[in-house]
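The structure appears right after this line, and notes come after that.
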Amino acid sequence: QVQLVESGGGLVQAGGSLRLSCAASGRTFSSYTMAWFRQAAGKEREFVAVITWSGSTYYATSVKGRFTISRDNAKNTVYLQMNSLKPEDTAVYYCAAAYGLYAGSNTNEYNYWGQGTQVTVSS
C-alpha cells in the first residue's frame with residue numbers, strides 16, 4: 001500500500017514557475033514508477049510525465065522542454081519542476097504510482113493516486 005500526498009500548487013502568472021512535490025509512504029518507493037497527470041475543468045485526466053525507478057523520463061509533448069520530473073528515493077519524493085507556465089497548464093495535478101520497472105501514459109496502469117493539487121496560471 002502506498003499513500004501519495006502532493007504539495008506545491010498555487011497561483012502563478014504566465015511565464016512563471018512552480019515546483020510540485022509528491023511524498024510517498026512505504027519502504028519500497030524505489031520499486032515504483034512515478035508519474036504526474038493533470039485534469040483541467042471539464043476535461044479528462046491527461047498524462048504529463050513519468051520517471052522510472054532508474055531515473056528514465058518521458059514527457060507529454062505539450063510540456064516537453066518546460067517541465068522536468070525527478071525523484072529522490074532517499075526522501076520517497078517525486079518532483080515536477082514547471083517552467084514557462086501557460087494558462088493552458090491550469091489544472092489539478094495528480095501524482096501516481098505504479099509498481100514495477102515501467103509504466104506508460106495511461107491512467108489505468110497506475111495503482112495509487114494522490115488527492116491532487118491545484119495549479120492556476122493567469123494570463
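The values are calculated or read from the model by the stated rules, or taken from the named source; none is laboratory data. Not measured: the values here are computed from a predicted model. Positions of Cβ are generated from backbone atoms using ideal geometry, with glycine treated the same way; all protein chains shown enter the neighbour counts. Just the protein is used for accessible areas: all its heavy atoms, side chains included, with ligands, DNA and RNA removed. Shrake-Rupley method; radii C 1.70, N 1.55, O 1.52, S 1.80 Å.
So Glu44 ticks every box in (1) touching a residue at least 60 places away in the same chain (Cβ under 8 Å); (2) under 22 Å from Arg66 (Cα atoms) but one. Which box is left unticked?
In the conditions (1) touching a residue at least 60 places away in the same chain (Cβ under 8 Å); (2) under 22 Å from Arg66 (Cα atoms), Glu44 misses (1) alone.
Condition check ((1) at pLDDT 95 or above; (2) farther than 22 Å from Ser123 by Cβ; (3) touching a Lys or Arg at 6+ places or on another chain (Cβ under 8 Å)) across all residues:
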position: Gly9; (1), (2), (3): yes, no, no
position: Gly16; (1), (2), (3): yes, no, no
position: Ser30; (1), (2), (3): no, yes, no
position: Phe37; (1), (2), (3): yes, yes, yes
position: Phe67; (1), (2), (3): yes, no, no
position: Ala74; (1), (2), (3): no, yes, no
position: Gln81; (1), (2), (3): yes, no, yes
position: Val92; (1), (2), (3): yes, no, yes
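Please state which one of Val78, Val63, Val92 is in contact with a Cys (Cβ under 6 Å, 6 or more places away or on another chain) and either over 20 Å from Gln1 (Cα atoms) or among the aliphatic types (A, V, I, L, M) (or both).
Numbers: Val63 fails: in contact with a Cys (Cβ under 6 Å, 6 or more places away or on another chain); Val92 fails: in contact with a Cys (Cβ under 6 Å, 6 or more places away or on another chain).
Result of the check over Val78, Val63, Val92: Val78.
So which residues in region 72-104 are assigned to a loop (DSSP other than H, G, I, E, B), surrounded by 14 or more Cβ atoms within 10 Å (Cβ to Cβ) and of a type in the set (Phe, Trp, Tyr), if there are any at all?
Passing the criteria: none in range.
Can you find a residue that is among the basic types (Lys, Arg), assigned to a strand (DSSP E or B) and open to solvent by 30 Å² or more (accessible area, probe 1.4 Å) anywhere in region 56-71?
Initial filter on region 56-71 (among the basic types (Lys, Arg)): 64, 66, 71.
Keeping just the survivors that are assigned to a strand (DSSP E or B) gives 71.
If we keep only those that are open to solvent by 30 Å² or more (accessible area, probe 1.4 Å) too, we end up with 71.
Checked against the condition, which is being among the basic types (Lys, Arg), assigned to a strand (DSSP E or B) and open to solvent by 30 Å² or more (accessible area, probe 1.4 Å), region 56-71 yields at least one hit.
Return the residue satisfying two criteria in turn: it lies in region 105-123 and is part of a helix (DSSP H, G or I) and either in contact with a Phe, Trp or Tyr (Cβ under 8 Å, 6 or more places away or on another chain) or among the polar types (S, T, N, Q) (or both), and of such residues it is most open to solvent (accessible area, probe 1.4 Å).
Pass one, region 105-123, residues part of a helix (DSSP H, G or I): 107-109.
With the extra rule that they be either in contact with a Phe, Trp or Tyr (Cβ under 8 Å, 6 or more places away or on another chain) or among the polar types (S, T, N, Q) (or both), the set shrinks to 107-108.
Details: Thr107: 59, Asn108: 132 Å².
Of everything passing the filter in region 105-123, Asn108 is most open to solvent (accessible area, probe 1.4 Å).
Out of region 1-53, which residues are open to solvent by less than 60 Å² (accessible area, probe 1.4 Å), in a loop (DSSP other than H, G, I, E, B) and aliphatic (A, V, I, L, M)?
Passing the criteria: Val2, Ala14, Ala40.
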